Amino acid sequence: FRAAATYIGGEPVANNTEKKVDFTGVYFDENKNFSIATDEFIAPVTGIYHFDLRVGWLQFSAPGAVTLLLR
């Protein structure tokens, strides 16, 4: 599947604060395993799954590092 969350103009998040990403669209989901209503991927079978993630922010807008948790 492929889903995206795009925040035009940014969405500020305080330091050391967890924030749930609300996906804004599903571009590909052949087996209907991703729910846009709950922002959850339900694995159809037991196994190992690989997820790629891309995060970007305005250059020079925030110093430091970003830590991402996948639950």
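Quick check, is THR46 at pLDDT 85 or above and open to solvent by less than 100 Å² (accessible area, probe 1.4 Å)?
no
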Checklist outcome for this item: Taking first residues from the range 29-41 that are exposed (fewer than 10 other Cβ atoms within 10 Å of the Cβ) and second residues anywhere that are outside any strand (DSSP E or B) and at pLDDT 85 or above, the pairs with Cβ under 8 Å that are 6 or more apart or on different chains are ASN31/PRO44
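Which residue is modelled with the lowest pLDDT, if the candidates are limited to the range 13-28 and must be of a type in the set (A, V, I, L, M, F, W, C) and exposed (fewer than 10 other Cβ atoms within 10 Å of the Cβ)? Spell out the reasoning first.
Keep residues of the range 13-28 that are of a type in the set (A, V, I, L, M, F, W, C), which gives 13-14, 21, 23, 26, 28.
Still in the running and exposed (fewer than 10 other Cβ atoms within 10 Å of the Cβ): 14, 28.
Numbers: ALA14: 71, PHE28: 86.
Of everything passing the filter in the range 13-28, ALA14 is modelled with the lowest pLDDT.
The values are calculated or read from the model by the stated rules, or taken from the named source; none is laboratory data. Because the structure is predicted, anything quoted here is derived from the model rather than measured. Cβ atoms come from the backbone with ideal geometry, glycine included; neighbour counts cover every protein chain shown. All accessible areas refer to the heavy atoms of the entire protein, side chains included, with ligands and DNA or RNA removed. Shrake-Rupley method; radii C 1.70, N 1.55, O 1.52, S 1.80 Å.
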